[in-house]
Amino acid sequence: MSFSTLVNDLTYRDRPSSTNTVSTANHTDTRSQISRARSYASTAATSVSIAGDISSQLHGGYSHPLARAWQAERQLTKSMLIYPLFITDNPDEFESIASLPGQKRMGINKLVAFLQPLVAKGLKSVILFGVPLAPTAKDALGTAADDPQGPVISAIRLLRRSYPRMFIVADVCLCEYTSHGHCGILHDDGSLNNSLSVDRISDVAMAYAEAGAHCVAPSDMNDGRIRAIKLKLIEAGIAHRVVLMSYSAKFSGCLYGPFRDAAGSCPSFGDRRCYQLPPGGRGLARRAIQRDINEGADILMVKPATQYLDIISDAKEIGKDMPVAAYHVSGEYAMIHAAAKAGVFDLKAMAFEATEGILRAGASIVVSYFTPEFLDWLET
């Protein structure tokens, strides 16, 4: 029923029956009729749209852009972002990475200038990945990983001097430094030697911490490496000033291709399925998260992010009093770029949607290649 029909209907129903009162009827307040019609319309609409529960009416709560933002438990801020950087042993390197649009591999001579405009826009944190390019840099033990003159330790020291307020995270793994490309030391049969790997990984973590990294982040997925690192930090008397961020739930899969192009860390044989988690292994992930909490992790990380929102939620549930990080990995980033280039959706809109989903699942820290863009987008 239209509003005008309601007015006419109420007017007809209120029309006096006696001709002696025609004059009075003609002077009936039209505004009163309209008011009654509105009341009638409101009652009729309410009876149709609400099935006995006023709480079903939600639209008003997010009718304004600011009100919509208030509906989010976590809103993306610059302080949540960690920007991945690939640092090579060639000091003057500044090379685009074909499979990672907009990303660079660089030497330490290019690092400070590259970061200066990002720091000016509010960049708070970076995570460093070493990329040794020298022909003799790789061996079976990954000995270059903690070389005092190597790319990561050199970058840590440089950044501490140049940007003293920047929070520096050092990824800890051997895959970039081993001749076989795996994340630890191997047995003769090619399987992972967990004991030797944990000892080596924890030594590398200590070297990065002693060089000045605020946070060490072991990504190797060897059993027991969190405990080993924590114990060495305590023994060295620096556990009170170094954050231990564990890649607690790191899944194997096909989303790491662009990263391996950037870091030169593709295995020379086999794959990493026997130490990274299987994509369907939610129970394994929960156990790994709980183990790392028990071993002394300060931050829990889930990697990849978009396909593992349930694991991010699990990490927040299990570690309810701990920060949860998520790594929006190279393949996720590259897919969004490729789809946006093909006209499937808008790049900015999808970057925000993907990241807001990660935050909604429970993360409060996001490692993201979109960090430079977010520093601009979050200004508007």
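Between Asp203 and Met166, the modelled label-to-label distance comes to 2.9 nm, taking each label 7 Å out from Cα in the direction of the beta carbon. Volume per residue for region 91-247 equals 121 cubic angstrom (convex hull of Cα atoms). Modelled this way, with points 7 Å down the Cα-to-C-beta line, the labels at Glu210 and Arg360 are 4.7 nm from one another. In this structure, the amide hydrogen of Val367, modeled 1.01 Å from its nitrogen in the peptide plane, lies closer than 5 angstrom to those of Ile82, Ala326, Tyr327, His328, counting only residues at least 5 positions away or on a different chain. Take every Cα pair under 8 Å whose residues are at least 6 apart in sequence, average their separation, divide by the length of region 111-236, and the relative contact order is 25 percent. Separation of region 302-354 and region 79-94, taken as the distance between their Cα centroids, equals 21 angstrom. Stretching the chain fully between Glu317 and Arg74 yields a gain of 85.9 nm (0.36 nm per residue, less the alpha carbon separation).
For a straight C-alpha distance cut-off of 22 angstrom, the lysines reachable from Lys121 (same-chain residues fewer than eight places away being disregarded) are Lys78, Lys104, Lys110, Lys348.
Coordinate-derived values only; no laboratory data. All figures in this text were calculated on a predicted structure; none of them were measured in a lab. Cβ coordinates were reconstructed from backbone atoms using ideal geometry, including for glycine residues, and neighbour counts include every protein chain displayed.
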